[in-house]
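Visitor: Just passing along the structure, written as structure tokens.
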Amino acid sequence: MPSGRNLKYSRREAISKIGAAAVGAAAGAVIAGVGGYFAGLSQTAPTTFTETVTRTVTQPVTHTVTASPTTTVPPLTREEKFKIERPVELTFWHHHAPPPRQAAIQKAINLFMKEYPMVKVNIVVVPWEEAWPKTLSAIAAGTTPDVEWSIPDLTIAAWEAGGIIPVDDLVKEIDERYKWFENTIRPYYWEGHYWGVPWSTMAWALMYRPSILKRYLGTPEPPRSWDELFEFAKKLTKPEDGVYGIGLTASKTLYAQEAIYNTMCVFDSTIFDQQGKVVFNNPKTIKAFYAYKELFQYSPPGSYNWNWGDIELAFPAGKIAMMPYFTMPQRLFYEEKKGDERKDIAAADWPSPPDGIDTNLHYPNDWIIFKSAAEDENRLNAVKALIMFCARPEIEKILTAEQDPGVWLPPHEAAAEYPGYWEDPVISFFREINEVAIEAAKKGRLYGFEWGAVNTAVGAVSGALVICDVAQRILLQGESVESAVAWGHQVIEEIVAKAKKK
Amino acid sequence: MTPNKLGYLLLLPLFAWLGVVIAFPVFYGVYLSFFDVPYGIIKKFVFLENYVSIFSDLKFRIAFINSLIWTAGNIALQTAIGLGAALLLNKSFKGRDVGRVGILIPFIIPAFVTALVWRWMMEPDLGVFNAVLKQLHLIQKPIVPLVDYAMVTVIIENTWRFSPFAIIFILSALQTVPSDVVDAAKVDGAGHLQIFRHVTLPIISPFLSFMGLLAFFWNFNLFDLIWLTTGGGPGSMTETLPVLIYRRSFREFRMGEGAAISVFSFIFMAIVTTILYFLPKIRFRGGKK
């Protein structure tokens, strides 16, 4: 700050006063950032209550399904309708901003509103970055939507905030009709209830560019074993050509957390044991981080800071030969690449070490129903009708294959076997990739949810991105794996202790 | 109704608005800092427990130190660059008007775009930063600024974004310097440096003080650019108090602690302002002696 010795006193005083007022405003804005979000009502702890759904069986609708020889689809010989007696408007929050995704969701909702003319669904797009603050502040302020698309971490946060109701009846109904993938429904069970109804899942596999493998290894075949994965990554790293063996990251993002866990899980490394005790610091986790560290040297130098968008640019650009990732970007290759390049994307099972387990990361996505919707039976029935409607295989096809093929995968067997899904132009064009994807979805696991939500502090642990901090200590700050993992364990224990104390 | 009463009546809506958007959130934030608020639910009164918790938290101490480094670095750079560029743009030369408008471009680019562009520029093998250094044979292998020099890099990034404000602000101050005073100094034989030191600087000092205060609030409270560029990493190297408040409140869901950190920031800024408020008086009085 300049000293300003030559100034008149009154002038300086005036400036200081303006400054003081501005400080107040600025500091107020900081506090408002937190305070404003939950300036509302204090809430009581979540309560458990059961719902009785009244249904009226109406005229049967015959679904004509042409089953392919390899698929079996449960016959849909009846159509149930929830009893909706008067017009109702629902508010539905989702987090998918890209226009093609919004169009697919709107299409599904339009079909629902056509079938249920008394229900109007207002769609609100809340970007993922704002999903947590907005959901929690809406619960605190009593201004929640009726229904929202969520993921297990967010579902737990909404449950902790006392905002959602159990959905056991819907889970059971859909299971009877369509049969859930067991690992997809597992993360939503705690405290004796299901709290989310999956509408899709996502799974990681080893995505690769066959042309790059062929150029440097003489064959387009992917690595089939753990050792081959490392060998391929090394051989495919050609900095002089601007090509790297594998795309990984060490950023402080959800993407990094998923990438790291995708390596942890094949070593059977978990954050919690079956009883919910923190077991992060164990030989399996240490092995996993050693493996990640070794693989990371074959990732582009700038990848330490990558987020979703960065790797999704690097892979189609041919900068990386392989990437552990969601089974995408299929639409981009299908629509924007020409000639042979359209098929220059493939997927393989994510390899596992000899003493590891055959799995990968998967991330189910679900519907949550807010308490506000349950205040009126007519409204609740409309919400349940919407969820049941969207669970139909033909609607699931819109929400998965049409929304973003390969990214969103069917959450239950009927949707995965639905011929219409496999007839989607992009899905059928990349049929092999999508077969790998479905298998990956069936055997995948999610950090903190390997045995269901055994420790409900998982949302806070995941939100704190502790796994990323551990990776950054190892990869960017040169700390030893053992020491960084021990540090991570301690931080997780602290977070859990604080969460439990609440 | 007397003119005075009418005046107060007309001010009422403004005060009501300020009460809603400033006073209430401030007091509510202070109130929340004394409660256990997991996931936004006010559960129980814990008095000073949240404060004890944050003061014993290493992450908080690191974030506070980072905030000080971040704020000081930004103010110093923004003021220096702002002053230099403003002096240049105050001269008469061809294309000056274009320069004055063009200088605003970084200021009007959204933070998201700025963060994205800078992340790509700092890319070790694709980014323009390393490419230039390589062309100049200054480096053998790529450097990774957002890892090796993370704090410095984000300070430079933020300075790039906010310097236009400083430039325009100081430029407007320079235009209040009376030309006859400058001419008189020239007639008396003063050189450029002497004119700047003894004529220009004293006249623009109040503006610089005010700009320094604004820069202090804005930089101390800045969240978006850091969050979008580094997310507070690597490790906690760029995690400032606003980033920690967000993370603690909306990622770890300990909103009582988040509110306590906010209150600490508020008190800290109030103290700094008070010092700035009294310091000039002391100096002024000292000068009088």
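Visitor: Mind checking the full-extension length gain between B:GLN175 and B:ILE275? Use 0.36 nm per residue of separation minus the Cα-Cα distance, one decimal, nm.
Guide: 33.1 nm
Visitor: On to the next question. Given Cβ point charges of +1 (Lys, Arg) and -1 (Asp, Glu) and nothing else, what value in debye, to the nearest 20, does the dipole of the protein assembly as shown about its Cα centre take?
Guide: 3760
Visitor: Where does the range A:267-321 land on the Kirkwood hydrodynamic radius, alpha-carbon pairs, in angstrom?
Guide: 13.4
Visitor: Based on the alpha-carbon gyration tensor of the range A:150-276 and its eigenvalue square roots a ≥ b ≥ c, which shape applies: rounded if a/c is under 1.5, prolate if not and a/b is larger than b/c, or oblate?
Guide: Because a/c hits 1.5 or more and a/b exceeds b/c, the range A:150-276 counts as prolate.
Visitor: Treating the range A:331-451 as a set of equal point scatterers at the Cα positions, no solvent, please give the Debye-formula log₁₀ I(q)/I(0) at q = 0.12, 0.19, 0.20 Å⁻¹.
Guide: The Debye formula, applied to the Cα set alone, gives -0.58, -1.08, -1.14.
Visitor: Same structure, new question: Would you calculate, for the protein assembly as shown, the mean residue ellipticity at 222 nm contributed by helices, counting each DSSP H stretch of 4 or more residues as -39,500 (n - 2.57) and dividing by all residues, to the nearest 500?
Guide: Dividing the helical sum by the residues of the protein assembly as shown leaves -17000 deg cm²/dmol.
Visitor: Once whole DSSP H runs in chain B are found, which of them have Cα atoms spread over 30 Å or more along the helix axis and a mean Kyte-Doolittle score of at least -0.5?
Guide: B:58-89, B:150-174, B:255-288
Visitor: Alpha carbons only, please: Rg and Dmax for the range B:51-100, in angstrom.
Guide: Final numbers for Rg and Dmax: 19.5, 60 Å.
Visitor: Taking neighbour counts of Cβ atoms within 10 Å as a proxy for exposure, in what order, fewest first, do A:CYS468, A:CYS390 appear?
Guide: Listed from fewest to most nearby Cβ atoms, that is A:CYS390, A:CYS468.
Visitor: Using square roots of five times the C-alpha gyration tensor eigenvalues, list the equivalent-ellipsoid semi-axes of the range A:378-502 in whole Å, biggest first.
Guide: So the three semi-axes of the range A:378-502 are 38, 22, 11 Å.
Visitor: If we count other beta carbons within 10 Å of each Cβ, what is the order of A:THR400, B:THR273, fewest first?
Guide: The fewest-first ordering by Cβ neighbours comes to B:THR273, A:THR400.
Visitor: Along the principal axes of its C-alpha atoms, what lengths does the protein assembly as shown span, in descending order and rounded to whole Å?
Guide: 101, 76, 50
Visitor: Sketch the reach of a paramagnetic label on A:GLU228 as a point 7 Å from Cα along Cα-to-Cβ, and name the residues of the range A:406-444 whose backbone nitrogen lies under 19 Å away.
Guide: Taking a point 7 Å out along Cα→Cβ of A:GLU228, the residues of the range A:406-444 whose backbone N falls under 19 Å are A:432-437, A:439-440.
Visitor: Can you tell me the equivalent ellipsoid semi-axes for the range B:29-145? Use √(5λ) from the Cα gyration tensor, largest first, whole Å.
Guide: 42, 23, 15
Visitor: Can I ask one more? Would you mind classifying the range B:37-288 by shape? Square roots of the alpha carbon gyration tensor eigenvalues, ordered a ≥ b ≥ c; an a/c under 1.5 is rounded, otherwise it is prolate if a/b is larger than b/c and oblate if not.
Guide: In terms of gyration-tensor shape, oblate.
Visitor: May I pose another question? Counting alpha carbon pairs within less than 8 Å and at least 6 residues apart, what relative contact order, in whole percent, applies to chain B?
Guide: Relative contact order, chain B: 30 percent.
Visitor: Could you tell me the extents of the range A:172-218's C-alpha atoms along the three principal axes, largest first, rounded to whole Å?
Guide: Projected onto the principal axes, the Cα atoms of the range A:172-218 cover 53, 24, 13 Å.
Visitor: Continuing with the same structure: Report, as an integer, the average count of C-beta atoms from other chains found within 10 Å of each Cβ along B:242-253.
Guide: Mean shielding count: 6.
Visitor: Note down, for the range B:160-223, the three equivalent ellipsoid semi-axes (square root of 5 times each alpha carbon gyration tensor eigenvalue), biggest first, whole angstrom.
Guide: Gyration-tensor ellipsoid for the range B:160-223: 30, 10, 9 Å.
Visitor: Of the options B:SER53, B:TYR277, B:ILE81, report the single residue whose Cα projects farthest towards the positive end of the charge dipole of the range B:37-288 (beta-carbon charges: Lys, Arg +1; Asp, Glu -1).
Guide: Going by the charge dipole, the pick is B:TYR277.
Visitor: Find which of B:ALA63, A:MET328, B:LEU10 sits farthest along the positive direction of the dipole of the protein assembly as shown, computed with +1 on the beta-carbon of Lys and Arg, -1 on that of Asp and Glu, about the Cα centre.
Guide: Projecting each Cα onto the dipole axis, the largest value belongs to B:LEU10.
Visitor: Could you work out the mean count of beta carbons from other protein chains within 10 Å of each residue's beta carbon in B:268-277?
Guide: Average neighbour count from other chains, rounded to a whole number: 4.
Visitor: In the P(r) worked out for the range A:344-396, what percent of Cα pairs fall beyond 17 Å?
Guide: Percentage above 17 Å: 63.
Visitor: Across peptide B:27-40, how many C-beta atoms of other chains are within 10 Å of each residue C-beta, on average?
Guide: Counting other chains' Cβ atoms within 10 Å and averaging over B:27-40 gives 6.
Visitor: So if I place +1 on the C-beta of Lys and Arg and -1 on the C-beta of Asp and Glu, and nothing else carries charge, what would the dipole magnitude of chain B be about its Cα centre? I want it in debye, nearest 20.
Guide: Here the size comes out at about 580 debye.
Visitor: Also, quick follow-up: Just how far, in whole angstrom, is the range A:235-298 from the range B:83-130 if you go by their alpha carbon centroids?
Guide: 38
Visitor: Starting with the highest mean, order A:283-291, A:233-241, A:104-112 by the number of other Cβ atoms within 10 Å, averaged over the residues of each peptide.
Guide: Going from most to least packed, we get A:283-291, A:104-112, A:233-241.
Visitor: Also, I was wondering about something else. Taking 7 Å along the Cα-to-C-beta vector as the label spot, tell me the B:VAL152-B:VAL128 distance in nanometres, rounded to one decimal.
Guide: With each label point 7 Å from Cα toward Cβ, the separation is 2.1 nm.
No lab work stands behind these numbers, since they all come straight from the coordinates. Please read these numbers as outputs of a predicted model, since none were measured by experiment. Here the Cβ is made from the backbone with ideal geometry for all residues, glycine too, and neighbour counts use every protein chain on show.
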